[in-house]
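Working notes, structure below.
The values are calculated or read from the model by the stated rules, or taken from the named source; none is laboratory data. Keep in mind that this is a model prediction, so the values were computed, not measured. A quick note on method: Cβ atoms are made from the backbone with ideal geometry, for glycine too, and the neighbour counts reach across all protein chains shown. In case anyone asks, the SASA skips ligands and DNA or RNA and just uses the protein heavy atoms, side chains included. Shrake-Rupley method; radii C 1.70, N 1.55, O 1.52, S 1.80 Å.
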There are 2 protein chains.
Amino acid sequence: ADEAAMAAARARQDRLTKPPGSLGVLEELSVRLAGVAGACPPPLPEPVAVAVFAADHGVHAQGVTAWPQEVTAQMVANMRAGGAVVNAFARQVGAAVRTVDIGVASELPAGPDLIAAKVRPGTADLTREPAMSRGEAERALLAGAEIAGRLADEGYRLLATGDMGIANTTASAALIAAFTGADAEAVTGRGTGVDDAMLAHKVDVVRRALARHRPEAADPVGALAAVGGLEHAGIAGFLLGAAAARVPVVLDGVIAGAAALVAAALAPRVADVLIAGHRSAEPGHDAALRQLGLRPLIDLDLRLGEGTGALLAVPLVQAAARTLREVATFDDAAVSER
Amino acid sequence: ADEAAMAAARARQDRLTKPPGSLGVLEELSVRLAGVAGACPPPLPEPVAVAVFAADHGVHAQGVTAWPQEVTAQMVANMRAGGAVVNAFARQVGAAVRTVDIGVASELPAGPDLIAAKVRPGTADLTREPAMSRGEAERALLAGAEIAGRLADEGYRLLATGDMGIANTTASAALIAAFTGADAEAVTGRGTGVDDAMLAHKVDVVRRALARHRPEAADPVGALAAVGGLEHAGIAGFLLGAAAARVPVVLDGVIAGAAALVAAALAPRVADVLIAGHRSAEPGHDAALRQLGLRPLIDLDLRLGEGTGALLAVPLVQAAARTLREVATFDDAAVSER
């Protein structure tokens with residue numbers, strides 16, 4: 001991030017016609033946007049695109065969710081038809097939706113509305129073998145990075161992450177445990193809504209995966225391959241690509257948080273471009289955000305995924321930029337100071 | 001609120017293509033919007049207008065703020081020129097800004113961009129006498145109600161409250177103490193940023209005002225007249241007018257919270273149309289929201305006023321309505337259920 005632009009943004013915030021500090025979290029966010037852009041004021045972060053990375057999970061066979069696996073593909077079809085919540089929220093905030101098949105188990109109909117980037121048809125069952133090979137993890141990382149780069153080339157100036165993948169909170173919990181050192185129980189949650197018995201089983205599945213593979217933050221790609229999902233790999237790459245293009249990215253919930261831990265382990269400076277859109281109801285998300293040093297903008301007990309929590313935060317990010325761009329200073333407006 | 005529309009909205013939320021409950025607070029918000037509109041799905045709550053009620057406070061003479069009183073009029077001029085934060089945020093969310101002189105101490109230049117509704121040029125010093133007469137409080141209430149009704153007639157389908165008035169957090173604290181029974185110290189905060197000594201003095205001023213006037217929730221207009229501000233009266237009336245027109249209103253921070261307590265004491269059903277936009281950093285705001293039974297949508301340490309916190313919540317309110325209007329059901333989209 002550009003320290004001079006950030007210092008200029010801090011100084012400008014203190015000259016705007018409002019009590020210093022009275023915009024709370026949005027003031028520091030505006031400073032970060034200036035830092036990413038290398039300019040004060042920063043450009044308005046628009047247009048916006050959300051990339052929804054869809055994939056399936058071999059661990060589904062372990063009974064960690066009440067939803068059938070085919071829902072992943074069905075929801076991708078729903079998104080392509082414009083009927084999912086992510087589509088409604090994207091219309092609200094004026095964002096484009098790009099759906100990415102990074103590893104759905106079934107064949108999806110091709111079309112200009114789908115980015116075909118399938119690395120493999122779902123991961124393997126991480127309780128029995130690595131979820132994917134190191135090479136597959138690398139291919140998914142590169143695919144995600146390429147998508148971010150392409151969106152930046154197309155002129156998008158704010159990106160958001162989305163995900164779709166039945167059972168992906170299980171892989172997220174394993175990744176978060178690996179990268180934060182937290183216990184499986186502390187970071188495994190109810191996902192889309194499992195009961196007490198299934199939650200206990202899910203914790204056990206995560207614990208067994210960690211015991212089998214011993215994933216370590218010191219080997220981020222190895223950990224990702226062992227216990228992650230293809231959408232985690234795609235999103236982690238997407239964050240790297242966005243950082244390379246100096247485009248800020250709004251993270252969605254726990255899947256994005258897990259992917260961000262991978263990306264930050266690979267390249268710590270990626271954190272400069274990350275904005276936490278919301279705090280998920282999923283307990284592992286808090287652990288991930290703490291480690292990333294990010295404070296979420298929205299906190300409304302959402303646990304849907306798809307990019308919904310990221311999109312809701314988009315107007316807040318744009319409003320933060322607008323303060324530096326549009327608000328008069330005390331001198332400009334002839335307003336008295338204390 | 002229309003119970004049948006609310007029941008239909010709850011049932012529809014459970015049929016949308018997402019795990020039941022996964023949109024957290026936004027699901028119940030969508031149900032409330034259906035209840036206010038008397039229809040499921042409710043109409044999209046747009047266009048939006050924010051009314052900024054500006055007034056001065058006689059208690060300014062007691063040294064409860066570091067800002068000179070003339071800043072109220074200067075900031076009204078800044079808003080009319082489009083240079084305040086409320087203007088920038090209104091542009092972000094597509095809201096119209098209406099500035100209302102309900103009681104600024106000085107004469108303001110007339111113009112089509114100002115609603116001239118001055119009841120008196122600032123309140124009296126509430127440590128020495130009632131802030132205003134009962135008749136003045138009633139006139140300000142009616143002026144506010146009339147403005148809400150006019151905006152509804154003009155076609156606005158979502159309203160937001162704003163305020164501008166140097167020293168108005170002192171009157172807010174006195175009102176909140178009167179209507180919640182809380183101690184002065186628990187509900188008096190730093191406002192736009194007072195130091196420890198001035199805060200202690202401010203608490204003492206609030207305590208003396210309460211001791212002198214003994215305002216009681218059982219006499220809302222009397223309490224408002226004794227320790228309130230003209231913007232509190234205007235906003236309380238605005239809420240009543242919005243409820244009468246069945247238009248939902250997003251509340252800004254602590255000033256709106258204090259005014260909402262007055263309005264709810266006058267007409268409990270007004271609560272049906274109220275949406276808490278954000279949680280202010282001011283401690284009295286929490287006490288007000290608790291009593292009103294409202295959970296704020298945004299919580300970012302804002303303490304600016306003007307309507308800024310209300311406007312930031314507008315896209316969230318609209319997104320909640322969109323879920324019921326635009327998201328496919330499991331049947332529509334042929335998505336499997338658990």
**Request:** Please find, among A:ARG295, A:ARG338, the residue that is within 14 Å of chain B (Cβ to nearest Cβ) and at pLDDT 95 or above.
**Result:** A:ARG295
**Complete:** Those residues of region A:273-292 that are within 17 Å of B:GLY21 (Cα to Cα) and within 13 Å of chain B (Cβ to nearest Cβ) come to a total of 5
**Request:** Could you run through region A:216-247 and say how many residues are under 17 Å from A:ALA177 (Cβ atoms) and under 13 Å from the mean Cα position of the chain (by Cα)?
**Result:** 2
**Prompt:** Is it the case that A:ALA124 is farther than 13 Å from A:VAL206 by Cβ, part of a loop (DSSP other than H, G, I, E, B) and not basic (Lys, Arg)?
**Reply:** yes
**Asked** Out of (1) under 22 Å from the mean Cα position of the chain (by Cα); (2) surrounded by 23 or more Cβ atoms within 10 Å (Cβ to Cβ); (3) of a type outside the set (Val, Ile, Thr), the odd one out for A:ARG91 is which?
**Response** (2)
**Request:** Filter region A:303-329 for residues that are open to solvent by 10 Å² or more (accessible area, probe 1.4 Å) and more than 7 Å from chain B (Cβ to nearest Cβ) and give the result.
**Result:** A:GLY305, A:ARG325, A:THR329
**Message:** Residue pairs, Cβ under 6 Å, 6 or more apart or interchain, first in region A:60-81 and in the same structural domain as A:ASP195 (by TED's automatic domain parsing), second of a type in the set (A, V, I, L, M, F, W, C) and surrounded by fewer than 20 Cβ atoms within 10 Å (Cβ to Cβ). List them.
**Reply:** A:ASN78/B:ALA333
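Among the candidates B:ALA265, B:ALA319, B:ALA313, which residue alone is among the small types (Gly, Ala, Ser), in contact with a Phe, Trp or Tyr (Cβ under 7 Å, 6 or more places away or on another chain) and within 21 Å of B:ALA243 (Cα to Cα)?
Values: B:ALA319 fails: within 21 Å of B:ALA243 (Cα to Cα); B:ALA313 fails: in contact with a Phe, Trp or Tyr (Cβ under 7 Å, 6 or more places away or on another chain).
Of B:ALA265, B:ALA319, B:ALA313, the one residue that is among the small types (Gly, Ala, Ser), in contact with a Phe, Trp or Tyr (Cβ under 7 Å, 6 or more places away or on another chain) and within 21 Å of B:ALA243 (Cα to Cα) is B:ALA265.
Just wondering, is there one or more residues in region B:315-327 that are at pLDDT 95 or above and under 11 Å from the mean Cα position of the chain (by Cα)?
Looking only at region B:315-327, we keep the residues that are at pLDDT 95 or above, and these are B:315-327.
Adding the requirement that they be under 11 Å from the mean Cα position of the chain (by Cα) leaves none.
There is no residue in region B:315-327 that is at pLDDT 95 or above and under 11 Å from the mean Cα position of the chain (by Cα).
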**Message:** Out of everything in region B:38-62 that is among the small types (Gly, Ala, Ser) and open to solvent by less than 30 Å² (accessible area, probe 1.4 Å), what residue ends up being farthest from B:GLN13 (Cα to Cα)?
**Reply:** B:GLY58
**Request:** Could you figure out which of (1) part of a strand (DSSP E or B); (2) outside the structural domain of A:ARG190 (by TED's automatic domain parsing) isn't true of A:VAL52?
**Result:** (2)
**Complete:** Filtering region B:177-198 down to residues that are under 18 Å from B:GLN69 (Cβ atoms) and buried (at least 24 other Cβ atoms within 10 Å of the Cβ) yields B:GLY191
**Asked** Only one of (1) within 14 Å of chain A (Cβ to nearest Cβ); (2) under 30 Å from B:LEU199 (Cα atoms); (3) surrounded by fewer than 23 Cβ atoms within 10 Å (Cβ to Cβ) is not met by B:VAL25, so which one is it?
**Response** (2)
**Message:** Looking at region B:216-241 only, could you name the residues that are within 18 Å of B:THR99 (Cβ to Cβ) and touching a Phe, Trp or Tyr at 6+ places or on another chain (Cβ under 7 Å)?
**Reply:** B:GLU231, B:GLY234, B:ILE235
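For the structure I just gave you, tell me whether B:GLU231 is out of contact with any Pro (no Cβ under 6 Å at 6 or more places or on another chain), of a type in the set (D, E, K, R) and open to solvent by less than 10 Å² (accessible area, probe 1.4 Å).
Values: out of contact with any Pro (no Cβ under 6 Å at 6 or more places or on another chain): yes; of a type in the set (D, E, K, R): yes; open to solvent by less than 10 Å² (accessible area, probe 1.4 Å): yes.
Considered against the rule, which asks whether it is out of contact with any Pro (no Cβ under 6 Å at 6 or more places or on another chain), of a type in the set (D, E, K, R) and open to solvent by less than 10 Å² (accessible area, probe 1.4 Å), B:GLU231 comes out as yes.
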**Request:** State which residue is nearest to the other protein chains (Cβ to nearest Cβ) when the search covers only region A:91-102 and only residues that are part of a helix (DSSP H, G or I) and touching a helix residue (DSSP H, G or I) at 6+ places or on another chain (Cβ under 6 Å).
**Result:** A:GLN92
**Asked** Hey, among A:VAL85, A:VAL31, A:VAL50, A:VAL59, which residue is within 13 Å of another protein chain (Cβ to nearest Cβ) and modelled with pLDDT of 95 or more?
**Response** A:VAL85
**Asked** Restricting the search to region B:65-82, which residues are more than 7 Å from chain A (Cβ to nearest Cβ), outside any helix (DSSP H, G or I) and over 17 Å from A:LEU16 (Cβ atoms)?
**Response** B:THR65, B:GLN69
**Complete:** Flagged in region B:8-26 as in contact (Cβ under 8 Å) with a residue 24 or more places away in the chain, part of a helix (DSSP H, G or I) and closer than 13 Å to B:VAL327 by Cα, in numbering order, are B:ALA9, B:ARG12, B:GLN13, B:ARG15
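For A:ALA287, are the conditions met, namely being among the aliphatic types (A, V, I, L, M), under 22 Å from A:GLY191 (Cβ atoms), open to solvent by less than 10 Å² (accessible area, probe 1.4 Å) and in contact (Cβ under 8 Å) with a residue 12 or more places away in the chain?
Details: among the aliphatic types (A, V, I, L, M): yes; under 22 Å from A:GLY191 (Cβ atoms): yes; open to solvent by less than 10 Å² (accessible area, probe 1.4 Å): no; in contact (Cβ under 8 Å) with a residue 12 or more places away in the chain: yes.
Spelling it out, it is not the case that A:ALA287 is among the aliphatic types (A, V, I, L, M), under 22 Å from A:GLY191 (Cβ atoms), open to solvent by less than 10 Å² (accessible area, probe 1.4 Å) and in contact (Cβ under 8 Å) with a residue 12 or more places away in the chain.
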**Prompt:** Any idea how many residues of region A:98-116 are open to solvent by 20 Å² or more (accessible area, probe 1.4 Å) and touching a Gly at 6+ places or on another chain (Cβ under 8 Å)?
**Reply:** 1
**Checklist (1) open to solvent by less than 40 Å² (accessible area, probe 1.4 Å); (2) touching a His at 6+ places or on another chain (Cβ under 9 Å); (3) not aromatic (Phe, Trp, Tyr) applied to A:ARG279, failing item** = (1)
**Prompt:** When A:GLY191 is evaluated against the numbered criteria (1) at pLDDT 95 or above; (2) out of contact with any Leu (no Cβ under 8 Å at 6 or more places or on another chain), which criterion, by number, is the only one it fails?
**Reply:** (1)
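Condition check ((1) open to solvent by 10 Å² or more (accessible area, probe 1.4 Å); (2) of a type in the set (S, T, N, Q); (3) under 13 Å from B:ALA117 (Cβ atoms)) across all residues:
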{"position": "B:SER133", "(1), (2), (3)": "yes, yes, no"}
{"position": "B:LEU142", "(1), (2), (3)": "yes, no, yes"}
{"position": "B:ILE147", "(1), (2), (3)": "no, no, yes"}
{"position": "B:GLY155", "(1), (2), (3)": "yes, no, no"}
{"position": "B:LEU175", "(1), (2), (3)": "no, no, no"}
